[in-house]
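The structure appears below as structure tokens.
The values are calculated or read from the model by the stated rules, or taken from the named source; none is laboratory data. Quick caveat: nothing in here was measured; it's all calculated off a predicted structure. Glycine gets a Cβ as well: all are built from the backbone with ideal geometry, and neighbour counts include every protein chain shown.
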């Protein structure tokens, strides 16, 4: 009977969202809000059908969130169609790297001095809250491969970059939490900086090389021999896993490698298609002979990239549903033993959303071409979500759980606040932003 209940719940959620998806586009609501509420209602504070204990089941939560992030990071990379050397890339790089360098110490200082945490746990909490979310930001992501809007491109690129770049901050924080103070001699510091540099450069190189090589190989087989046709989903999943696994094997940042693989696939398509949009390059498709389009030298690259993109977007939506139901259930389980709404969690949310995030963005974008309205939008939409839950589970799995477990209510409170506050504000603020940009162009 319990299995039947779950079939009904999951089936109802999928059908319901398929029907109601257009409704969410007209209202300041998101699917993530519904999923989060559903997960909470299924938990110990509601129906009691599911109880995920993030402390005891940290490895499971870490693996599931890891898979969801990989699919989303690859999909984001595949959406970003600007040439690699275009100046537009400087903004997501600034946000993904410089803003994080500013955010982590500011957050750690607030957690230590404002919330009364010890410095070790304060750094751990700051590291898990620093990355922005690549899954939940549908309304502020680039809409398609032709979208080069500064705000959407920058926020999408930031979400693709900083989930991987957060890892060295977390490792430093866990060392500090475990030992009271990490080794600070010059040799150890230089080794840590070298490992971080290799983690970033190596991950980008691995993802880019695998993305370029596999995309060219499949396109060559299709256009020369009419082979390797169809099953774009298999190809996408294989490339994601290969890039992540190879990066991990070489001790680089796997999340960054998956993102780079998506960017590389899009770059291959862009170079083959030129300034035409992928849709224009593909043109009309004969439904009775789709293979002819896939093998056409003038269309093959665009068709493959767009087919993979559509698959990964669907995968990303399914991952979002599963992840937010899981997070909602974790919220329900945690709330039984620890209150989520306290003055400390409220203070953390306010400090991060209205002070630390805006300060980090402004400092990171000093001297950039971003206009004031664009900076304000980027400052506000520092959405926290699945990346934070991944690093919470990672810290519980690799650190001292007795020191990390009390941080769970803080992290989950921030994620919940972000889902609702940023989710409800995304549609009206983006509409105002588009109107302002249109007025400025007239």
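Which one of these is over 29 Å from residue 68 (Cβ atoms), part of a loop (DSSP other than H, G, I, E, B) and free of Cβ contacts under 8 Å to residues at least 60 places away in the same chain: 281, 292, 298?
Working: 281 fails: part of a loop (DSSP other than H, G, I, E, B); 292 fails: part of a loop (DSSP other than H, G, I, E, B).
Only one candidate passes the filter, namely 298.
If residue 10 satisfies all but one of (1) over 23 Å from the mean Cα position of the chain (by Cα); (2) closer than 27 Å to residue 421 by Cβ; (3) at pLDDT below 90; (4) surrounded by 13 or more Cβ atoms within 10 Å (Cβ to Cβ), what's the number of the condition it fails?
With (1) over 23 Å from the mean Cα position of the chain (by Cα); (2) closer than 27 Å to residue 421 by Cβ; (3) at pLDDT below 90; (4) surrounded by 13 or more Cβ atoms within 10 Å (Cβ to Cβ) applied to residue 10, the lone miss is (2).
For (1) within 23 Å of residue 326 (Cβ to Cβ); (2) touching a strand residue (DSSP E or B) at 6+ places or on another chain (Cβ under 7 Å); (3) surrounded by fewer than 18 Cβ atoms within 10 Å (Cβ to Cβ), each residue gets a yes or a no:
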residue	(1), (2), (3)
356	no, no, no
365	no, no, no
372	no, no, yes
392	yes, no, no
401	yes, no, yes
419	yes, no, no
422	yes, no, no
432	no, no, yes
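If you check 272, 228, which single one turns out to be surrounded by 15 or more Cβ atoms within 10 Å (Cβ to Cβ) and on the phi > 0 side of the Ramachandran plot?
Values: 272 fails: on the phi > 0 side of the Ramachandran plot.
Selected residue: 228, the only one of 272, 228 that is surrounded by 15 or more Cβ atoms within 10 Å (Cβ to Cβ) and on the phi > 0 side of the Ramachandran plot.
With respect to residue 255, is the statement that it is surrounded by 21 or more Cβ atoms within 10 Å (Cβ to Cβ), in a helix (DSSP H, G or I) and either in contact (Cβ under 8 Å) with a residue 12 or more places away in the chain or more than 23 Å from the chain's Cα centre (by Cα) (or both) true?
Numbers: surrounded by 21 or more Cβ atoms within 10 Å (Cβ to Cβ): yes; in a helix (DSSP H, G or I): yes; either in contact (Cβ under 8 Å) with a residue 12 or more places away in the chain or more than 23 Å from the chain's Cα centre (by Cα) (or both): yes.
So residue 255 fits the description; yes.
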